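Colleague: First the structure, then my questions, so here it is.
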Amino acid sequence: MITETQLTAIQTYALQKLAHDHSGHGRDHLQRVNRLARRLAKAEGANLNLTLAAAWLHDVIDDKLMADPAKAHQDLIAQLNAQNVTAADQTAIFAIIDHMSFSKSFNGPQKLSLEGQVVQDADRLDAIGAIGIARALYYSGHVGEKIYDPAIALREHMTREQYRHQPGTAINHFYEKLFKLAALMNTDTAKALAAHRTAVMHEFVDQFKAEWTADDKA
């Protein structure tokens, strides 16, 4: 059982690790994911402290954010050991954060605990809606992608390698990933939130394309 003291230490560690992120996965993202995870965990009956621990830590070993993911993994183990987090709780945390990312889905459906499903939903909810629009544009700028280019075709059957390494556009990203996330939510609470947030994104993209071609209405 993860204690409040351990959870506070985990929160501090995660916030320090992502303090200088400029890709849309920084402290504000962690804080929003945790608020969502708390809401979903209570609604779904998940173990709250385990859920929140994984929510704080879900990006600290991500290979798209860490220069040395293997070292980040070892650093996290050392941190959890220093806080006397039990082997069982460490196993449960890594079972979540090692398998919840969208990129892992290219290897087939990932089996997650209820707590893992909650954290995955919370993370995906923060990728859609008004916040998701802002983060998509922010991240595309961070990695040097264009906002939009009609000449760049949608990747209908994208591979993990393409997802991680082939440049796309911010607007294409809505079709290639973000519009798909509502159907991938695990919990009923997240599904309801995702439906509204997805509608917000569709309205934005429709308006964006109308303005791009100067076909918007007065």
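The values are calculated or read from the model by the stated rules, or taken from the named source; none is laboratory data. Quantities reported herein were computed from a predicted structural model and do not represent experimental measurements. No Cβ is skipped: glycine too gets one built from the backbone with ideal geometry, and neighbour counts run over all protein chains shown. In case anyone asks, the SASA skips ligands and DNA or RNA and just uses the protein heavy atoms, side chains included. Shrake-Rupley method; radii C 1.70, N 1.55, O 1.52, S 1.80 Å.
Colleague: Note the count of lysine pairs whose C-alpha atoms are less than 13 angstrom apart in the chain, limited to pairs 8 or more residues apart or on different chains.
Modeller: For the chain, the number of qualifying lysine pairs is 4.
Colleague: Same structure again: Tell me, what HN-Hα J-couplings in whole Hz come from the Karplus equation 6.51 cos²θ - 1.76 cosθ + 1.60 at θ = phi - 60° for each residue of region 136-151, using x for Gly and Pro?
Modeller: Calculated HN-Hα couplings, in order: 4, 5, 4, 5, 4, x, 4, 9, x, 7, 6, 5, 7, 8, x, 6 Hz.
Colleague: Using the heavy atoms of the protein chains and a 1.4 angstrom probe, tell me the accessible area per residue for the chain in square angstrom.
Modeller: 51
Colleague: Note the angle between two axes, namely the Cα long axis of helix 27-44 and the longest principal axis of the Cα atoms of the chain, as a number of degrees from 0 to 90, rounded to the nearest 10.
Modeller: For 27-44 against the chain, the angle is about 70 degrees.
Colleague: In terms of the ratio Rg/(2.2 N^0.38 Å) built on C-alpha atoms, what value belongs to region 142-207?
Modeller: Normalised Cα radius of gyration, region 142-207: 1.22.
Colleague: Give me the Kirkwood hydrodynamic radius of region 31-112, using the inverse of the mean 1/r over all pairs of distinct Cα atoms, in Å to one decimal.
Modeller: By the Kirkwood definition, the hydrodynamic radius is 13.6 Å.
Colleague: If I fit a long axis through the Cα atoms of helix 69-82 and take the longest principal axis of the Cα atoms of the chain, what angle between them do I get, 0 to 90°, rounded to 10?
Modeller: It works out to around 40 degrees.
Colleague: Another one. How large, in percent, is the carbon and sulfur part of the accessible surface of the chain at a probe radius of 1.4 Å?
Modeller: 53
Colleague: Taking all pairs of distinct Cα atoms, average 1/r, flip it, and tell me the Kirkwood hydrodynamic radius of region 85-183 in Å to one decimal place.
Modeller: 14.9
Colleague: Let me ask something additional. Using +1 on the beta carbon of Lys and Arg, -1 on that of Asp and Glu, and nothing else charged, what's the dipole of the chain about the Cα centre, debye to 20?
Modeller: For the chain, the charge dipole is close to 200 debye.
Colleague: So how tilted is helix 188-212 from the main axis of the chain? Cα-based, degrees 0 to 90, rounded to 10.
Modeller: Roughly 30 degrees between the two axes.
Colleague: Let me test this: with uniform point scatterers at the alpha carbons of the chain, what is the Debye-based log₁₀ I(q)/I(0) at q = 0.14, 0.15, 0.18 1/Å?
Modeller: -0.87, -0.99, -1.37
Colleague: Going through region 107-156, which GluC sites (Glu not before Pro) have at most 10 other Cβ atoms within 10 Å and a DSSP loop state?
Modeller: The qualifying sites are 156.
Colleague: Any idea of residue 50's accessible area? Nearest 10 Å², probe 1.4 Å.
Modeller: Rounded to the nearest 10, the figure is 20 Å².
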